[in-house]
Amino acid sequence: MPYTDILNPTPTHPLNPDYAFFRKRPVTHLVAKANHGAPYLRDVTDILHQFSLGWNDKLESDMNRLKWYYEQYRNGLFTYIDHEGRGRHYVGRFSTPVEPSPISHNHWSVQQILFDEVPGVPMIQYPSDWMRDAIWAMSVNDFGNRMVANVGGTWTLMADANAKSGYRFASGGIELGIYAAAYVYLGYGFQFWAPTGPTLGKGQLVLDGNVVGTVDFYSAAVNPSSMLFELQNVVSGLHTLTLQQTATKNGASSGYTVYFDALKVMI
């Protein structure tokens with residue numbers, strides 16, 4: 001029973017939890033080295049966000065309401081609205097029981113109640129604040145690890161001070177379907193960022209095997225990096241985004257190359 005009720009504590013409501021709580025994200029990219037051979041990447045995920053919530057000096061009726069949410073949705077999900085976190089909606093459940101402790105007559109306290117966001121469940125309200133609710137997913141991370149995978153053709157790594165990570169990947173040739181690069185990310189939707197210019201072609205974006213759009217990398221003047229495509233309303237989880245060269249171009253362009261610079265991922 002997904003999001004059949006909403007825990008909606010406004011800032012002045014008694015069920016608004018006492019902050020600060022921590023937000024825990026799992027390790028999503030574990031770099032390991034086998035006994036023999038090259039390093040490899042493994043993606044590990046179980047939950048997306050985990051909140052540790054606490055309520056101090058609340059009435060018995062408030063505690064009963066919290067206990068109701070825990071019991072009602074032990075086998076279901078509800079939507080928690082984080083009003084102090086810009087109104088984000090999180091679909092999940094309390095994963096620890098609500099066990100209040102008395103602090104005075106008809107005044108109770110409960111601490112360290114874990115709320116787990118469940119991957120793969122759509123929100124009632126999709127997050128849309130790309131400045132505060134999204135993170136950069138670079139093609140080369142801060143440790144110098146290449147995060148973009150060759151899944152077709154040979155992509156050339158190019159240093160570029162104007163790229164988001166200081167590097168970008170360029171396709172070669174014009175053979176249809178030969179050149180493709182992939183990036184695995186954990187989250188919701190994404191923004192695709194890359195340079196544009198007078199010698200660039202068109203690329204196709206494929207998310208989890210489904211074509212989601214075409215990107216035209218042409219512009220009359222060189223633009224070092226800009227947002228070329230945005231996709232929201234994606235369920236939370238582990239996703240694979242592939243950029244494929246289409247061997248097509250804008251009529252004004254003189255080339256077919258496409259670039260992979262960076263993603264901005266909604267988490």
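The values are calculated or read from the model by the stated rules, or taken from the named source; none is laboratory data. As the structure is a computational prediction, the values presented were derived from the model and not from experiment. Note that we place each Cβ from the backbone using ideal geometry, even for glycine, and neighbour counts take in every protein chain shown.
Inside region 44-73, can you point out the residues that are part of a loop (DSSP other than H, G, I, E, B) and at pLDDT below 85? Give the derivation first.
Initially, region 44-73 is screened for residues part of a loop (DSSP other than H, G, I, E, B), giving 44-49, 59, 73.
Listed by number, the residues that qualify are Val44, Thr45, Asp46, Ile47, Leu48, His49.
Of (1) exposed (fewer than 13 other Cβ atoms within 10 Å of the Cβ); (2) closer than 23 Å to Ser226 by Cβ; (3) free of Cβ contacts under 8 Å to residues at least 24 places away in the same chain; (4) not hydrophobic (A, V, I, L, M, F, W, C), Gly144 satisfies all except one. Which?
Every listed condition holds for Gly144 apart from (2).
To keep it simple, each residue is scored yes or no on (1) in contact (Cβ under 8 Å) with a residue 24 or more places away in the chain; (2) among the polar types (S, T, N, Q); (3) out of contact with any Asp or Glu (no Cβ under 7 Å at 6 or more places or on another chain).
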| site | (1), (2), (3) |
| --- | --- |
| Tyr218 | yes, no, yes |
| Ser225 | yes, yes, no |
| Gln232 | yes, yes, yes |
| Gln244 | yes, yes, yes |
| Lys249 | yes, no, yes |
| Ser253 | yes, yes, yes |
| Tyr256 | yes, no, yes |
| Ala262 | yes, no, yes |
| Met266 | yes, no, no |
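Those residues that are in a strand (DSSP E or B) and of a type in the set (Phe, Trp, Tyr), I need them from region 219-267; list them, please. Even if it seems obvious, please write down each step before you answer.
Taking region 219-267 and keeping what is in a strand (DSSP E or B), we get 223-231, 237-245, 257, 259-260, 262-266.
Passing the criteria: Phe229, Tyr259, Phe260.
Each row is one residue, and each column tells you yes or no for (1) of a type outside the set (Gly, Ala, Ser); (2) modelled with pLDDT of 90 or more; (3) touching an Asp or Glu at 6+ places or on another chain (Cβ under 7 Å).
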| position | (1), (2), (3) |
| --- | --- |
| Asp116 | yes, no, no |
| Gly120 | no, no, no |
| Asp133 | yes, no, no |
| Pro198 | yes, yes, no |
| Val222 | yes, yes, no |
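State yes or no: is Ile178 over 26 Å from Gly237 (Cβ atoms) and assigned to a strand (DSSP E or B)? Give the steps one after another, and end with the answer.
Working: over 26 Å from Gly237 (Cβ atoms): yes; assigned to a strand (DSSP E or B): no.
No, not satisfied.
If you go through region 136-171, how many residues are closer than 16 Å to Thr242 by Cα, part of a loop (DSSP other than H, G, I, E, B) and small (Gly, Ala, Ser)?
Result for region 136-171: 3.
When both residues are 6+ apart or on different chains and their Cβ atoms are under 9 Å apart, which pairs have a first residue that lies in region 187-202 and is in the same structural domain as Pro224 (by TED's automatic domain parsing), and a second that is among the polar types (S, T, N, Q) and crowded, with 23+ Cβ neighbours inside 10 Å?
Gly187/Ser236; Tyr188/Ser236; Gly201/Ser171; Gly201/Gln245; Lys202/Gln245
Check whether at least one residue in region 126-133 is assigned to a strand (DSSP E or B) and either free of Cβ contacts under 8 Å to residues at least 60 places away in the same chain or among the basic types (Lys, Arg) (or both), and report yes or no.
The initial filter retains those residues of region 126-133 that are assigned to a strand (DSSP E or B), namely none.
Scanning region 126-133 turns up no residue that is assigned to a strand (DSSP E or B) and either free of Cβ contacts under 8 Å to residues at least 60 places away in the same chain or among the basic types (Lys, Arg) (or both).
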